[in-house]
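Novice: Mind having a look at this structure? Questions to follow.
The values are calculated or read from the model by the stated rules, or taken from the named source; none is laboratory data. Bear in mind the structure is a predicted one, so any value in this text is a computation, not a measurement. Here the Cβ is made from the backbone with ideal geometry for all residues, glycine too, and neighbour counts use every protein chain on show. Just so you know, the surface numbers come from the protein's heavy atoms only, side chains and all, with ligands and any DNA or RNA stripped out. Shrake-Rupley method; radii C 1.70, N 1.55, O 1.52, S 1.80 Å.
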Amino acid sequence: MKKSFLLILTLIIPILLMAQASQDFLRSTGKIYSVVAALVIMFLGIVFYVWRLDKKVKQMEDDWDD
Amino acid sequence: MSWWKLLGVLLLTYVIIAGFTVPLKPGIALVSPQSTASNSTLKLSIEGYNTHFESGKQSLEAWLRLDSIHGVQASTITVKNENLIEATFAVGSIENEFADATLYVNNNIDKTAFLPSAIRITKNGDESNFSKQLIPFDRLSSKPGFLFPYREILNETIRNTFFHVALWMAMFALLIVGLYNGFQYLRTKDIIYDSRASSFNMIAIVYGLLGLATGSIWARYTWGTWWTTDIKLNMAAISMLIYVAYAILRASVDDIDKRARLSALYSLFAFAAMIPLLFVFPRMANVISLHPGNGGNPALGGEDMDNTLRMVFYPAVIGLFLFGRWIATIRTRIETLFYKKSQLE
C-alpha cells in the first residue's frame, strides 16, 4: 500500500510542480520544455522501479546474515 | 556485460541526443486574422517558426490556395523580421459557401512553409474583379535534410513520439516476452520461467504507467487538458488497471508454486483483454479519437510518421526494449536467488 502510494506520488508530484510552474516557460520555444518534462518523468519512474529492486536485494542481504 | 545491454544504452543515448537536437522544418505558427470574406483585400500577418523571411527576402512569395489547383499570390509582402511578415492578398470569389484556404510561404532558404486551413473565407458575392492563378506546385517543396516535420499545435512536442509512443511499443514487446515465459511455466512448471515472466511483465507495467504519465503531459500542452475521454486514453488506462491487478495478485500470494500458476494464468487473461482494448476498439468505425492513426489507418504509416522521425523512433523502441530487458534480467536473478534460498531452508 505504502509502495504504491509512493509510486503514484513520484509520478504525480512532477506533474503538479509543472502545473504550478510558469505556463509561459513550458510553452516557450515551441513547447520544447514539455518534452523535457515528459523525459524527466520517464527517468524518475524508471529510477523508482530500480530503487524498489535495490530494496529487494537489501532485504535478501539482511536475510542472509540472519 | 552482454552486447545487447550496451546496445540498448547506446541507442537510448542516440535517441535523447538526436531527438532533442535535430531541428524542425520551417513552419507557419500563426496567422491573423483567421477569417475573411471573399472579394476583398486581405492584410495578413504571418508568424513563422524556424523561418528565414529576412535572409530569404529576395525569393519570398506567399500563396493562398482557394481550391485544389487555384490560388492567389500575395501582391505585397512586408518583412518585419526573420519570423514575421505581413502579406496583402486580393481574395477573389469562391465557389462554395466558404473555403478553408491553405497558406504557402516559399523562399530559397526555407523552401515551402505551409499552414493547412489557415484562413476561413466566407462567400461574399459571386462576381469578382480579382483573378485566380494556378498555384506553382513545381516551385513548392519541403526543405531537404535531416529535419523533423513541423505541425501546428504540436510544434516541438512532436519529439514526444520518441518517448511516449516508444514506451507503449516497448511495453507491448516486453509483455509478449512475459507472456511467452508464462506459457513456458504452465508447460514445464519450471520456476525460472515464472521469475522471467513476472520480471518482464513488471517492467512492462512500469513502462505502461509512464506511457500514461508522459501522454498526460503531452495532452496538457497540445489538447489543453491532462485527460480527455479519448478512447485510447481510457482503454489504455483500463488495460493498465488490469495489469496493476496482476502485480497485486502476485504480492498477495505467498506460496511460490501457487503464485506462479495463478499469475501465469492471469497474465494470459490480461494480455487477451489488452488486445481488443488497445488494438480493436480504437480502430472501430465511428470511433473518434484525438490520437493520430485511428479509424482504420495505422499511425506508423501515412503522413503522421515521416522518415526522419522513424530514424529516431525505431531506435527508441529497440533501445527501451533492451533497457527494459536488462532491468527484467536483474529482477529475474534476484527472484532466482530468493527461490534458491527458500529451497535451502
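Novice: So for the stretch B:317-325 (the condition being in contact (Cβ under 8 Å) with a residue 40 or more places away in the chain, open to solvent by less than 40 Å² (accessible area, probe 1.4 Å) and more than 13 Å from every other protein chain (Cβ to nearest Cβ)), does at least one residue qualify? Walk me through it before giving the result.
Specialist: Keep residues of the stretch B:317-325 that are in contact (Cβ under 8 Å) with a residue 40 or more places away in the chain, which gives B:317-325.
Filter once more, so that each one left must be open to solvent by less than 40 Å² (accessible area, probe 1.4 Å): B:317, B:319-320, B:322, B:324.
Filter once more, keeping what is more than 13 Å from every other protein chain (Cβ to nearest Cβ): B:317, B:322.
Yes.
Novice: Here is a check on your reading of the model: is B:ILE46 of a type in the set (A, V, I, L, M, F, W, C), out of contact with any Lys or Arg (no Cβ under 8 Å at 6 or more places or on another chain) and over 22 Å from B:ALA87 (Cα atoms)?
Specialist: no
Novice: With assigned to a strand (DSSP E or B) and touching a residue at least 24 places away in the same chain (Cβ under 8 Å) as the only criterion, which of B:THR88, B:THR78, B:THR51 stands out? Full working, then the answer.
Specialist: Details: B:THR78 fails: touching a residue at least 24 places away in the same chain (Cβ under 8 Å); B:THR51 fails: assigned to a strand (DSSP E or B).
The match here is B:THR88.
Novice: Looking only at the stretch B:121-160, count how many residues are closer than 30 Å to B:ALA18 by Cβ, acidic (Asp, Glu) and assigned to a loop (DSSP other than H, G, I, E, B).
Specialist: Pass one, the stretch B:121-160, residues closer than 30 Å to B:ALA18 by Cβ: B:140-160.
After this cut, where a residue has to be acidic (Asp, Glu) as well, the list is B:152, B:156.
Filter again for assigned to a loop (DSSP other than H, G, I, E, B), leaving B:152.
Of the residues in that region, 1 qualify.
Novice: Has the stretch B:210-231 got any residue that is closer than 24 Å to A:SER34 by Cα, touching a His at 6+ places or on another chain (Cβ under 9 Å) and more than 13 Å from every other protein chain (Cβ to nearest Cβ)?
Specialist: yes
Novice: Within the group B:GLU54, B:GLU61, which residue is open to solvent by less than 60 Å² (accessible area, probe 1.4 Å) and over 30 Å from A:VAL36 (Cα atoms)?
Specialist: Details: B:GLU54 fails: open to solvent by less than 60 Å² (accessible area, probe 1.4 Å).
Of B:GLU54, B:GLU61, the one residue that is open to solvent by less than 60 Å² (accessible area, probe 1.4 Å) and over 30 Å from A:VAL36 (Cα atoms) is B:GLU61.
Novice: I've got another one for you. Would you confirm whether or not the stretch B:207-216 contains a residue that is closer than 24 Å to B:ARG333 by Cβ and either out of contact with any helix residue (DSSP H, G or I) (no Cβ under 7 Å at 6 or more places or on another chain) or open to solvent by 10 Å² or more (accessible area, probe 1.4 Å) (or both)? Before the answer, list the steps.
Specialist: Within the stretch B:207-216, the subset closer than 24 Å to B:ARG333 by Cβ is B:207-210.
Among the residues that remain, those that are also either out of contact with any helix residue (DSSP H, G or I) (no Cβ under 7 Å at 6 or more places or on another chain) or open to solvent by 10 Å² or more (accessible area, probe 1.4 Å) (or both) are: B:209.
Within the stretch B:207-216, one or more residues are closer than 24 Å to B:ARG333 by Cβ and either out of contact with any helix residue (DSSP H, G or I) (no Cβ under 7 Å at 6 or more places or on another chain) or open to solvent by 10 Å² or more (accessible area, probe 1.4 Å) (or both).
Novice: Next question. Can you tell me how many residues within the stretch B:91-118 are under 22 Å from B:ASN155 (Cα atoms) and open to solvent by less than 30 Å² (accessible area, probe 1.4 Å)?
Specialist: Just the residues of the stretch B:91-118 that are under 22 Å from B:ASN155 (Cα atoms), to begin with: B:100-107, B:109-118.
This time we only want the ones that are open to solvent by less than 30 Å² (accessible area, probe 1.4 Å), so: B:101-107, B:110, B:112-113, B:115, B:118.
The total comes to 12.
Novice: Report yes if B:GLY19 is surrounded by 16 or more Cβ atoms within 10 Å (Cβ to Cβ), part of a helix (DSSP H, G or I) and either touching a Lys or Arg at 6+ places or on another chain (Cβ under 9 Å) or on the phi < 0 side of the Ramachandran plot (or both), otherwise no.
Specialist: Values: surrounded by 16 or more Cβ atoms within 10 Å (Cβ to Cβ): yes; part of a helix (DSSP H, G or I): yes; either touching a Lys or Arg at 6+ places or on another chain (Cβ under 9 Å) or on the phi < 0 side of the Ramachandran plot (or both): yes.
Considered against the rule, which asks whether it is surrounded by 16 or more Cβ atoms within 10 Å (Cβ to Cβ), part of a helix (DSSP H, G or I) and either touching a Lys or Arg at 6+ places or on another chain (Cβ under 9 Å) or on the phi < 0 side of the Ramachandran plot (or both), B:GLY19 comes out as yes.
Novice: Can you find even one residue in the stretch A:21-30 that is within 7 Å of chain B (Cβ to nearest Cβ) and at pLDDT 85 or above?
Specialist: No, the stretch A:21-30 contains no residue that is within 7 Å of chain B (Cβ to nearest Cβ) and at pLDDT 85 or above.
Novice: Given (1) over 30 Å from B:ARG310 (Cβ atoms); (2) modelled with pLDDT under 85; (3) loosely packed, with under 15 Cβ neighbours inside 10 Å, identify the lone condition not met by B:THR88.
Specialist: Among (1) over 30 Å from B:ARG310 (Cβ atoms); (2) modelled with pLDDT under 85; (3) loosely packed, with under 15 Cβ neighbours inside 10 Å, B:THR88 violates only (2).
Novice: State whether one or more residues within the stretch B:276-293 are at pLDDT 90 or above, closer than 30 Å to B:LEU10 by Cβ, open to solvent by less than 50 Å² (accessible area, probe 1.4 Å) and of a type in the set (Gly, Ala, Ser). Break it down stepwise before answering.
Specialist: Of all residues in the stretch B:276-293, those at pLDDT 90 or above come to none.
No, because not a single residue in the stretch B:276-293 is at pLDDT 90 or above, closer than 30 Å to B:LEU10 by Cβ, open to solvent by less than 50 Å² (accessible area, probe 1.4 Å) and of a type in the set (Gly, Ala, Ser).
Novice: Might you check whether a residue that is open to solvent by 30 Å² or more (accessible area, probe 1.4 Å) and not in a helix (DSSP H, G or I) occurs anywhere in the stretch B:183-195? Walk me through it before giving the result.
Specialist: The first filter runs over the stretch B:183-195 and keeps only residues open to solvent by 30 Å² or more (accessible area, probe 1.4 Å), leaving B:183, B:186-190, B:192-193.
From what is left, the residues that are not in a helix (DSSP H, G or I) are B:189-190.
Yes; the residues of the stretch B:183-195 include at least one that is open to solvent by 30 Å² or more (accessible area, probe 1.4 Å) and not in a helix (DSSP H, G or I).
Novice: Tell me, which residue of the stretch B:27-39 that is away from chain A (no Cβ under 14 Å) and within 17 Å of B:ILE77 (Cα to Cα) is least open to solvent (accessible area, probe 1.4 Å)? Steps first, answer last, please.
Specialist: Taking the stretch B:27-39 and keeping what is away from chain A (no Cβ under 14 Å), we get B:31-39.
Narrowing the set further to residues that are within 17 Å of B:ILE77 (Cα to Cα) leaves B:31-33.
Working: B:VAL31: 4, B:SER32: 61, B:PRO33: 57 Å².
Among them, the one singled out is B:VAL31.
Novice: Of a type outside the set (Asp, Glu), under 15 Å from B:GLY27 (Cβ atoms) and open to solvent by 20 Å² or more (accessible area, probe 1.4 Å): which single residue out of B:LYS123, B:LYS132, B:LYS143 fits that description? I'd like the intermediate steps shown before the answer.
Specialist: Numbers: B:LYS123 fails: under 15 Å from B:GLY27 (Cβ atoms); B:LYS132 fails: under 15 Å from B:GLY27 (Cβ atoms).
Matching residue, one of B:LYS123, B:LYS132, B:LYS143: B:LYS143.
Residue-by-condition table, conditions (1) closer than 20 Å to B:VAL177 by Cα; (2) open to solvent by 20 Å² or more (accessible area, probe 1.4 Å); (3) touching a Pro at 6+ places or on another chain (Cβ under 6 Å); (4) not polar (S, T, N, Q):
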site	(1), (2), (3), (4)
B:ILE238	no, yes, no, yes
B:TYR243	yes, no, no, yes
B:ALA247	yes, yes, no, yes
B:ASP254	no, yes, no, yes
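Novice: Something else now. Looking at the stretch B:252-264, can you tell me whether even one residue there is within 14 Å of another protein chain (Cβ to nearest Cβ) and either in a helix (DSSP H, G or I) or without any contact (Cβ under 8 Å) to a residue 40 or more places away in the chain (or both)? Outline the logic, then answer.
Specialist: First pass over the stretch B:252-264, keeping only residues within 14 Å of another protein chain (Cβ to nearest Cβ): B:252.
So of that shortlist, the ones also either in a helix (DSSP H, G or I) or without any contact (Cβ under 8 Å) to a residue 40 or more places away in the chain (or both) come out as B:252.
Within the stretch B:252-264, one or more residues are within 14 Å of another protein chain (Cβ to nearest Cβ) and either in a helix (DSSP H, G or I) or without any contact (Cβ under 8 Å) to a residue 40 or more places away in the chain (or both).
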